[in-house]
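Have a look at the structure below, then the notes.
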Amino acid sequence: MHTRTDGRALEAPRPSADRSARRRFPSWTTDVTEKSRQTLLALADGLEGEELAERLGISRNTVQDRVRRLRIVLGCPAPFPLGELVARGYETGAVPSPARTAEETPGLNRTEAALVPHAAAGLAFAAMAERTGIPPQVVRTTVYALRERTGAVNGPHLVKRLRELGLVTPAGARTE
């Protein structure tokens with residue numbers, strides 16, 4: 001509130017009665033824009049670096065800015081892997097969950113089955129090891145094997161592939 005020189009407070013202008021006519025601009029701190037959705041979907045397709053920037057038609061610096069904003073909007077701190085960013089995009093509905101493919105669902109051993117929910121959440125190897133009690137080297141080897149078996153090229157792509165193969169149900173579809 002501002003004050004005039006005579007000490008009296010200035011009145012704030014009253015908002016117009018027709019607020020619906022105002023154009024609503026997305027807030028970079030609360031909304032996922034269409035460009036950000038495209039970035040998330042490209043990350044989920046396994047693109048990185050130059051390939052990602054080329055598909056989006058922007059520079060690598062602009063890609064980094066979009067990822068930075070997405071981390072803020074989706075509440076995903078910077079040291080976290082991009083797979084978690086993609087997983088949060090699916091969980092929050094910022095991007096639609098991928099459709100189930102007609103591919104056969106691969107059989108999983110006990111270790112893989114224990115790690116799938118954590119890999120689908122995009123967690124780092126150390127976080128998966130901590131949460132499951134499986135040694136970090138076993139986690140790393142198992143996740144790399146899962147990537148190979150599912151055809152995923154990196155962590156964000158693995159998040160998408162696990163959903164496509166039906167190994168993980170979307171958060172909203174769980175029934176208990």
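Values as computed for the structure displayed
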quantity	calculated
Estimated distance in nm for a label pair at residue 35 and residue 169, the labels positioned 7 Å out from Cα along Cα-to-Cβ	3.8 nm
Length added when fully stretched, residue 60-residue 101, from 0.36 nm per residue minus Cα-Cα	11.6 nm
Anisotropy class of the stretch 41-109 from Cα gyration tensor, a/c 1.5 cut	prolate
Cα→Cβ-extended label distance, 7 Å offset, between residue 154 and residue 72, nm	2.3 nm
Projected label distance in nm at residue 137 and residue 45, using a 7 Å step from Cα toward the beta-carbon	3.8 nm
Listed peptides 96-103, 114-121 by packing density, highest first (mean Cβ within 10 Å)	114-121, 96-103
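Every number here is computed from the coordinates shown, using simple stated rules; none is lab data. What you see is a predicted model, and the numbers here were worked out from it, not measured in a lab. Backbone-built Cβ (ideal geometry, glycine too); neighbour counts: all protein chains shown.
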